[in-house]
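Down below is the structure, laid out as structure tokens.
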Amino acid sequence: MDPHGKNVPALFPLQVRTAYAQVLERLLDLETGDRFAALSSFSLLIKEIGARKYAYAQGRTSDGVNRQIYLGPFDQHMQGVMERFSRSKKETASQREDIDATAMMLRGTELPRLDPVEWRVLAALVADGIFRVGGVLVGTVAYRCIAGLLGVKLPSASAITADLDIAGQTLPIAVVPEVVRPETALGRLEMGFSPMAEADPALHGSRFQSRRGEFKVEFLTPLVGRDYSKRVMLRQFAVPAIPLRFLDYLIEGPQPALALGRKALLVRVPAPARFAVHKLIVSQERRGVPLKTQKDLEQSYDLQRALAALDPEGLEEAFKDARNRGPGWARRVDAGMRAMTRIFGSP
């Protein structure tokens with residue numbers, strides 16, 4: 001049976017999708033609530049920087065210094081969390097156990113899961129706070145998380161990888177003063193992670209590989225201009241990053257999702273529609289790697305089929321945004337669509 005038949009990919013059962021949404025919402029609350037718990041004597045405030053609003057806690061820390069601590073963008077979810085905090089509502093230990101129990105149930109379903117190594121490495125980076133300060137999970141692991149987020153069975157979500165890709169761009173210190181240390185987090189795993197040798201010295205420290213096997217962690221950032229050799233430091237990650245074209249489009253407006261493994265992890269992934277369109281674009285950038293090109297087109301095809309039923313307006317908007325960025329963008333999108341259609345048919 002052709003897994004890429006003309007039928008729309010099947011949704012996971014309503015019970016599974018509901019449980020997923022509950023775990024995701026409660027982990028979002030806990031992510032902020034854990035920070036609030038250490039700031040019980042702090043006051044909450046909203047700062048407007050540029051055209052956006054951000055939430056902060058302000059008060060005196062244990063070292064006697066008055067500080068403002070970044071909590072996150074002031075969106076609808078943050079507003080709700082702040083209101084609950086103002087009413088002194090806290091998550092209890094039993095509620096945490098409920099979250100773990102529900103997440104355990106999700107592990108028993110067909111939702112895509114991380115293998116033990118992927119989960120262990122990602123859990124270390126989550127604990128370090130990399131997604132709290134602007135990190136976005138991209139690549140094949142992110143694609144599996146997107147399948148769960150959509151609640152749909154994507155045939156191409158079963159692909160296995162041996163790397164973890166984290167994208168981001170430096171945020172102004174006025175917005176995110178915090179700095180995390182993913183290199184230190186990887187070191188605590190005792191898996192022998194060390195920086196890989198790079199042909200370009202400017203990129204040293206942007207990729208790490210474990211001595212136990214071939215597992216890699218890469219840090220990526222959007223390319224500004226045309227100079228690939230320019231060293232780009234991600235300030236809040238304290239690591240350099242590999243600059244890539246078209247990545248700015250992919251990581252704009254990321255969404256929270258679950259990475260399922262031994263426990264559920266809260267991560268940020270690209271918007272599904274942007275992921276689908278971005279795969280068309282990068283498929284045209286591959287040179288001499290037909291298997292990767294086909295994987296790009298296959299993932300885009302499966303996502304487009306699902307989104308055509310679940311969020312056609314979002315998919316149309318993602319295509320429009322990409323094409324409006326210039327003739328080179330539009331040419332790659334259209335060429336990717338033609339190549340995808342030749343192999344898999346029209347989504």
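The values are calculated or read from the model by the stated rules, or taken from the named source; none is laboratory data. What you are looking at is a predicted structure, and each value in this text was computed from that prediction instead of being measured. Note: ideal-geometry Cβ built from the backbone for every residue, glycine included; neighbour counts use all protein chains shown. Heavy atoms of the whole protein, side chains included, go into the accessibility calculation; ligands, DNA and RNA do not. Shrake-Rupley method; radii C 1.70, N 1.55, O 1.52, S 1.80 Å.
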Mean Cβ count within 10 Å, highest first, over the residues of peptides 285-297, 332-344:
332-344, 285-297
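Given a Förster radius of 25 Å and the C-beta distance between Ala238 and Glu198 as r, what FRET efficiency does 1/(1 + (r/R0)^6) yield to the nearest 0.05?
Details: r = 17 Å, r/R0 = 0.70.
That pair, Ala238 with Glu198, gives E of 0.90.
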Distant-in-sequence amide H partners of Leu171 (H built 1.01 Å from N, under 5 Å)
Arg235, Gln236
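Expected output is a single nm value to one decimal: the length gained when fully extending between Lys47 and Glu178, i.e. 0.36 nm times separation in residues minus the C-alpha distance. What is it?
Working: separation 131, 0.36 × 131 = 47.16 nm, distance 1.62 nm.
Extending this stretch completely gives an extra 45.5 nm.
Which pairs break 22 Å Cα to Cα here: Lys153/Lys279; Lys216/Lys292; Lys153/Lys295; Lys292/Lys320; Lys263/Lys292? Kindly include the intermediate steps, with their values, before the conclusion.
Values: Lys153/Lys279 18 Å; Lys216/Lys292 17 Å; Lys153/Lys295 17 Å; Lys292/Lys320 25 Å; Lys263/Lys292 30 Å.
Distance filter (> 22 Å) returns Lys292/Lys320; Lys263/Lys292.
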Hz values of 3J(HN,Hα) by residue in the range 258-265 - Karplus curve (6.51, -1.76, 1.60), Gly and Pro given as x:
9, 10, 8, x, 4, 9, 7, 10
Karplus-derived HN-Hα couplings along the range 48-57 (A = 6.51, B = -1.76, C = 1.60, θ = phi - 60°), whole Hz, x at Gly and Pro:
9, 10, x, 9, 10, 10, 9, 9, 9, 10
Area of Arg113 that stays accessible when all protein chains are in place (1.4 Å probe, Å², to 10):
100
Just the number please: accessible area per residue for the chain, 1.4 Å probe, all protein chains included, in Å².
49
Label point 7 Å beyond Cα of Gln255 along Cβ direction - residues of the range 155-186 with amide nitrogen under 20 Å:
155-159, 165-168
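Grab the Cα-Cα distance for Ala10 and Glu285, subtract it from 0.36 nm times how many residues apart they are, and report the gain in nm with one decimal.
Numbers: separation 275, 0.36 × 275 = 99.00 nm, distance 3.11 nm.
My answer for the length gained is 95.9 nm.
Beyond 19 Å, what share of the Cα-Cα pairs of the range 107-184 remains, rounded to the nearest whole percent?
On the way: 1285 of 3003 pairs.
Of all Cα-Cα pairs in the range 107-184, 43 percent lie more than 19 Å apart.
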Using a cut-off of under 20 Å, list every residue of the range 240-261 whose amide N is near the label point 7 Å from the Cα of Glu83 along the Cα-to-beta-carbon line.
none
Sorted largest first, the C-alpha extents of the range 207-330 along its principal axes in whole angstrom are 43, 41, 32
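Would you mind calculating the relative contact order of the chain from Cα pairs under 8 angstrom and at least 6 residues apart, reporting the percent as a whole number?
Working: 538 pairs, mean separation 55.4, N = 347.
Relative contact order comes out at 16 percent.
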Within the range 307-329, find all residues whose amide N lies under 20 Å from a label point positioned 7 Å from the Cα of Ser346 along Cα-to-beta-carbon.
307-320
Cα radius of gyration and Dmax for the chain (Å)
20.6, 67
Heavy-atom SASA rank of Met233, Met104, Met78 (probe 1.4 Å, accessible area, largest first)
Met104, Met233, Met78
Pairwise FRET efficiency - Gln68 versus Glu25, Cβ, R0 = 25 Å, nearest 0.05:
0.40
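Within the chain, which complete DSSP H helices have Cα atoms spanning at least 27 Å along the helix axis and a mean Kyte-Doolittle hydropathy of -1.0 or higher?
Numbers: long enough: 14-37 (33 Å, -0.08); 290-310 (30 Å, -0.63).
Correct list, ordered by number: 14-37, 290-310.
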Would you give the gap between the C-alpha center of the range 258-283 and the C-alpha center of the range 162-236, rounded to a whole Å?
19
Ignoring ligands, DNA and RNA, please state the percent of accessible area on the chain from carbon and sulfur, probe 1.4 Å.
52
Pop a pseudo-label 7 angstrom from the Cα along the beta-carbon direction at both Asp311 and Arg120 and give the gap in nm to one decimal.
3.3
